[in-house]
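J.: Take this structure first; my questions come after.
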Amino acid sequence: MGIENVIFDMGNVLLRFDGMLFSRIFTKDEGDARLLNEALFANPSWSLLDAGVIDEDTMERIAQTRLPKHLHAALHGALTEWDLHQPPIPGTNELARRLHEAGRGIYLLSNAGLRFERACTRIPCWSLMDGWVVSAFERLMKPDPSIYLLLCDRYGLEPSSCLFVDDNEDNVIGARAAGLAAYLFDDARGLEAELRRRGTVP
């Protein structure tokens, strides 16, 4: 079976996710930005937020323990507004639009927190999506093969008809374990070449 559906990750595939970029917006110097990034976006507990295991209040309290008090206000601002500063990745969004126009299914599968409900509106191709699954809503995360199969079951997709696109190699391996084709994303040009090779995009 050929590839009829393309499933996109969100962070660094459709929208840029860069903790230092966000941290610089809410701090005054590079040193403070590094501290904020390490305490929040690079904190191992961030994955618990994406998993829906902790809420943002808990994440804030965890991050506060790693920061001097003068950065607590910056932490609060970053945690509540970082998603408003995510730049779209134009090439990938344009590919998604072309896939939609060619009659292919386009879907989103992301490890992301509940703030996704606001963040998704920044994705240029969001209105064209045929469906989505996000970890925090399911209490299930990539690279667990179950989350890829959950998306396929929910939208009636045959796994072998799907190409999953992610910038994380573990997540690509998880998709393949679930029976999907998968592509390790680096840039839109490489993805377009892969889609052309498969005859999926005109």
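The values are calculated or read from the model by the stated rules, or taken from the named source; none is laboratory data. Remember, predicted model here, so these are calculated numbers, not experimental data. Cβ placement follows ideal geometry from the backbone for every residue including glycine, while neighbour counts extend to all protein chains displayed. The area values use the complete protein model at the heavy-atom level, side chains included, leaving out ligands, DNA and RNA. Shrake-Rupley method; radii C 1.70, N 1.55, O 1.52, S 1.80 Å.
J.: Given the criterion surrounded by 17 or more Cβ atoms within 10 Å (Cβ to Cβ), assigned to a strand (DSSP E or B) and either in contact (Cβ under 8 Å) with a residue 12 or more places away in the chain or among the acidic types (D, E) (or both), identify the matching residue among Y148, Y183.
T.: Working: Y148 fails: assigned to a strand (DSSP E or B).
Unique residue meeting the criteria: Y183.
J.: Let me ask you something else. Does the stretch 166-176 contain any residue that is more than 15 Å from T92 (Cα to Cα), in contact (Cβ under 8 Å) with a residue 24 or more places away in the chain and assigned to a loop (DSSP other than H, G, I, E, B)?
T.: Yes, there is a match, as at least one residue in the stretch 166-176 is more than 15 Å from T92 (Cα to Cα), in contact (Cβ under 8 Å) with a residue 24 or more places away in the chain and assigned to a loop (DSSP other than H, G, I, E, B).
Residue-wise test of (1) part of a strand (DSSP E or B); (2) at pLDDT 95 or above; (3) open to solvent by 40 Å² or more (accessible area, probe 1.4 Å); (4) more than 22 Å from R176 (Cα to Cα).
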| residue | (1), (2), (3), (4) |
| --- | --- |
| V53 | no, yes, yes, yes |
| H72 | no, yes, yes, yes |
| G77 | no, yes, no, yes |
| G91 | no, yes, no, yes |
| G103 | no, yes, yes, yes |
| Y107 | yes, yes, no, no |
| T121 | no, no, yes, yes |
| V133 | yes, yes, no, no |
| K142 | no, yes, no, no |
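J.: Now for a separate question. Scanning the stretch 186-200 for residues that are surrounded by 17 or more Cβ atoms within 10 Å (Cβ to Cβ) and within 18 Å of L157 (Cβ to Cβ), which turns out modelled with the lowest pLDDT?
T.: Among them, the one singled out is T200.
J.: Could you grab me the full set of residues in the stretch 27-42 that are outside any helix (DSSP H, G or I), closer than 12 Å to L67 by Cβ, touching a Gly at 6+ places or on another chain (Cβ under 8 Å) and open to solvent by 10 Å² or more (accessible area, probe 1.4 Å)?
T.: Residues of the stretch 27-42 outside any helix (DSSP H, G or I): 27-29, 40-42.
From the residues that got through so far, the ones that are closer than 12 Å to L67 by Cβ too are 27, 40.
Next, only the ones that are touching a Gly at 6+ places or on another chain (Cβ under 8 Å) stay: 40.
Passing the criteria: none in range.
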